[in-house]
1. Please state, rounded to one decimal and in Å, the Kirkwood hydrodynamic radius that the stretch 127-213 gives when every pair of distinct Cα atoms enters the mean of 1/r.
2. Mean shadow of the stretch 4-59, computed from the convex hull of its alpha carbons, in nm²?
3. Once you order the gyration tensor axes a ≥ b ≥ c over the Cα atoms, which shape class does the stretch 159-208 get: rounded for a/c under 1.5, otherwise prolate or oblate by comparing a/b with b/c?
4. Taking K and R as +1 and D and E as -1, what net charge do the other residues with C-beta under 12 Å from the C-beta of residue 161 add up to?
5. Ranked highest first by the average count of other Cβ atoms within 10 Å around their residues, in what order do 183-193, 128-138 fall?
6. Could you compute the net charge surrounding residue 81? Neighbours are other residues with a C-beta less than 11 Å from the C-beta of residue 81; K and R count +1, D and E count -1.
7. Going highest first, how would you order 55-66, 18-29, 163-174 by mean Cβ packing within 10 Å?
8. What's the tally of Lys pairs in the stretch 4-59 whose alpha-carbon atoms lie under 23 angstrom apart, where the two lysines are 8 or more places apart or on different chains?
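Each value in this text was obtained by applying a stated rule to the coordinates, not by laboratory testing. Quick caveat: nothing in here was measured; it's all calculated off a predicted structure. Reconstructed Cβ throughout: ideal geometry from the backbone, glycine too, with neighbour counts over all protein chains shown.
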Amino acid sequence: MVNRKLLQLSLQSLMAHGCLEEKETKALIQKCCQSCEENFSNDIFRSIIKEINTRIKKFSFEIRHGACEDDDGQVYYCYLEQVVASPDGLVIENTILQAREQFTARAAQRSLARSLSHLVKEFLDRLVCDKWLSRTEDKEYHLGPRSLLDLLPFLQNRINSICSICSSLAIRAQQCPSCLSKAHVHCLSRFASGRNFIKCPHCDEDWKWKDCD
Ligand SMILES: [Zn+2]
Ligand SMILES: [Zn+2]
């Protein structure tokens, strides 16, 4: 049983940050432990997340964690409202509308002299900064860890695309040329351990998953 003060402090800290990488989340909880004079360990960390989730579940909140689809498969922890469980997928529209409202309110206060493209860039930067979107080095945008985790139940219902290695949702993924099953790049990288060719875990055919050059 984790003490109440530590749970409160941990929850407040997680809410304030919204979405963090696993090591940042652990560092944050470690700080909370220090200020409550508790020893930090991975077991305590898991207990804290579990107990917080038990308590906030009735208010439809959740600390959800999962791997981002970026190449390194970094795990993120995000504080989320579970409204996406609703079958109509309303959250997508609400999230966009809220973000747009906040954005247009801010934008309206500023001079109209700023170009639209600058505003759009600023908006995208903010979505990237808050981890709703991720941006590649080539300035391509894809769903960020926060969106992926937030929309997980919705996406699982609507997108029939599962990684053939880790069995979780695969949106940004490579496709086996033979059976067209998908796998995350970070999963392929682990599975192949340095090789460019693998046997597809689904159909057992050769799969050149990475260019040699
Ligand atoms: Zn995977
Ligand atoms: Zn295959």
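1. The answer is 14.1 Å.
2. 3.6
3. Taking the square roots of the gyration eigenvalues as a ≥ b ≥ c, the stretch 159-208 is oblate.
4. Overall, the nearby charge balance is +2.
5. Top of the packing list down: 183-193, 128-138.
6. Result for the local shell: -1.
7. Per-residue mean Cβ counts within 10 Å order the peptides as 163-174, 18-29, 55-66.
8. So the count works out to 12.
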